[in-house]
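Read through the structure below, which is laid out as structure tokens, and then see the notes.
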Amino acid sequence: MEKDEYERIISPKRKAVPTPDDLINEGKAAFGTFESEFKKASLLDCQVFSKIFRRLKLTQWEAVEVNLDDIFYVSAISDMGLFGICFNLIFDKKTNKQYNYFSITTSKAKQKNSKVHVAENLLFGTESYIHKGKNTKTVITNVFDKGKAHLEAVDFSKKLGSFKADFSLERVSVPSIVSIPFGENQPLYTEKCMFKAKGSLVFQGKEYFADDKTFAVIDDHHGYYPKHMHYDWLSFFGTDKDKNPIGCNLTQNQSVDPTDYNENLIWMPSESSLLSPVTFTKNHPSRDYQKEKLIWTIKDEFGMVNLTYEIKSVYLNHVGTIFKFIGMDYFFFYGVVSGYLLDKNGKKTEFENYPAIAEDKTIVL
């Protein structure tokens, strides 16, 4: 791909601009791609929905995803307004089995041993955390101003036994910082960045250590979704055949203009390559994962993305319909991706059975 062709494909609005002091200014949200972390994102001041409902409608989470040799590990903390949740998902690559340590607590709880919080920004040592009881906690410490972060998680399940994770992270790419409009003055603000990981995970009596090939991604997420919400997402990260760090983030969501506002990109050492909008196509009805072989294809219209994703393991979190208008189907997957990506320099990177994670989320609210 020639440089002028790439410049034609990628909208000028996808290019990073200086970051304002606050995502919200006089009740209005800023939209676009930004150069650096926001110090402030006052989403509760955004003049969308009535003020009384903003707290309930605002979705917030921070997640850490670590790709180890034998394990794909995901830790996520979410403040859902009425309650807080945390899951530590462990996907065994050899057996394709998944194990979940799940915690739930009241949001902003006053109880001493029951509380949840999603960091207001990713700078200066802020923390996202959930505590439930003396021996159950997950804490993500953010020091993005120094290109660093840390994850500590401990939990115990009568069924699964004890679990512990401790990872130190150091940034290897530039971050993806975007604010995507889902409606008039209705932002989804998210930052994702790729890190080198050091540390280990202890699970069922075995310790899994990070090595030179172990990379991670932090996913920070704050926004107001439409009443009927759906998105598909896929990500993978590690090294290429030349042992250079490489990662990818792809989403098909409800952006009002995916050409101008999306979060699709390739992570490369100390830089990134923006990608055009993609389409997820599935060999099964959406939200139906009973089929024996589950295959997705993810492509763009310009030949920059051409991937096939084979799902190996499915985690389901289902909230049945309440009062006929509230419900959620949330699927998290481990699988392998094959195909290729084409970056801004015209370099094609091919993948075969490369470990990848994905989500399919639908909410009616």
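The values are calculated or read from the model by the stated rules, or taken from the named source; none is laboratory data. Bear in mind that the values here come from a model prediction, so they are computed numbers and not experimental data. Heads up, the Cβs are rebuilt from the backbone with ideal geometry, glycines too, and the neighbour counts pull from every protein chain shown.
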Of the numbered conditions (1) closer than 25 Å to N244 by Cα; (2) surrounded by 24 or more Cβ atoms within 10 Å (Cβ to Cβ), S200 fails exactly one; give the number of that condition.
-> (2)
Within the stretch 40-110, which strands (runs of 3 or more DSSP E) (wholly inside it) include 3 or more residues that are of a type in the set (G, A, S)?
-> 71-79
If you go through the stretch 30-38 one residue at a time, do you hit one that is modelled with pLDDT of 95 or more, over 28 Å from T138 (Cβ atoms) and either more than 20 Å from the chain's Cα centre (by Cα) or part of a helix (DSSP H, G or I) (or both)?
-> yes
Which residues, counting only those in the stretch 147-165, are within 23 Å of F195 (Cα to Cα) and assigned to a strand (DSSP E or B)?
-> K148, A149, H150, L151, E152, A153, V154, F163, K164, A165
Verdict on D288 being of a type in the set (D, E, K, R), farther than 18 Å from N253 by Cα and at pLDDT 85 or above | no
When the stretch 166-188 is examined, which residues are found to be aliphatic (A, V, I, L, M) and either in a strand (DSSP E or B) or crowded, with 24+ Cβ neighbours inside 10 Å (or both)?
-> L169, I177, V178, I180, L188
Picked from the stretch 333-364 (must be of a type in the set (K, R) and buried (at least 18 other Cβ atoms within 10 Å of the Cβ)), the residue nearest to the chain's Cα centre (by Cα) is K361
Is there a residue in the stretch 161-176 that is among the β-branched types (V, I, T) and touching a Pro at 6+ places or on another chain (Cβ under 9 Å)?
-> yes
Please list, ordered by first then second residue, the pairs with beta carbon atoms under 6 Å, 6 or more apart or interchain, first in the stretch 326-350 and farther than 20 Å from K293 by Cα, second acidic (D, E).
-> Y340/E350; T349/D240
Is there a residue in the stretch 217-225 that is part of a loop (DSSP other than H, G, I, E, B) and of a type in the set (F, W, Y)?
-> yes
Residue ID - modelled with the highest pLDDT, chosen from residues in the stretch 102-139 that are surrounded by fewer than 17 Cβ atoms within 10 Å (Cβ to Cβ) and among the aromatic types (F, W, Y) = F124
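Going through I71, I52 one at a time, which residue ends up being exposed (fewer than 15 other Cβ atoms within 10 Å of the Cβ) and either farther than 15 Å from E191 by Cβ or of a type in the set (D, E) (or both)?
Details: I71 fails: exposed (fewer than 15 other Cβ atoms within 10 Å of the Cβ).
Of the residues listed, the single one that is exposed (fewer than 15 other Cβ atoms within 10 Å of the Cβ) and either farther than 15 Å from E191 by Cβ or of a type in the set (D, E) (or both) is I52.
Only one of N306, N317 is modelled with pLDDT of 95 or more, surrounded by 14 or more Cβ atoms within 10 Å (Cβ to Cβ), touching a Phe, Trp or Tyr at 6+ places or on another chain (Cβ under 6 Å) and of a type outside the set (G, A, S). Can you tell me which?
On the way: N317 fails: modelled with pLDDT of 95 or more.
Checking each option against the conditions leaves just N306.
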Residue under evaluation E191, criteria (1) among the acidic types (D, E); (2) assigned to a strand (DSSP E or B); (3) more than 17 Å from the chain's Cα centre (by Cα), criterion not met | (3)
Unique residue being surrounded by 19 or more Cβ atoms within 10 Å (Cβ to Cβ) and either out of contact with any Phe, Trp or Tyr (no Cβ under 9 Å at 6 or more places or on another chain) or among the small types (G, A, S) (or both) when the list is N264, N244 | N264
Residue hits (the stretch 55-65; over 30 Å from V336 (Cβ atoms) and either at pLDDT below 85 or surrounded by fewer than 21 Cβ atoms within 10 Å (Cβ to Cβ) (or both)) are R55, L56, K57, L58
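This table checks each residue for (1) free of Cβ contacts under 8 Å to residues at least 12 places away in the same chain; (2) at positive phi; (3) crowded, with 18+ Cβ neighbours inside 10 Å; (4) not hydrophobic (A, V, I, L, M, F, W, C).
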{"position": "K3", "(1), (2), (3), (4)": "no, no, no, yes"}
{"position": "Y6", "(1), (2), (3), (4)": "no, no, yes, yes"}
{"position": "P12", "(1), (2), (3), (4)": "yes, no, no, yes"}
{"position": "F38", "(1), (2), (3), (4)": "no, no, yes, no"}
{"position": "N67", "(1), (2), (3), (4)": "no, no, yes, yes"}
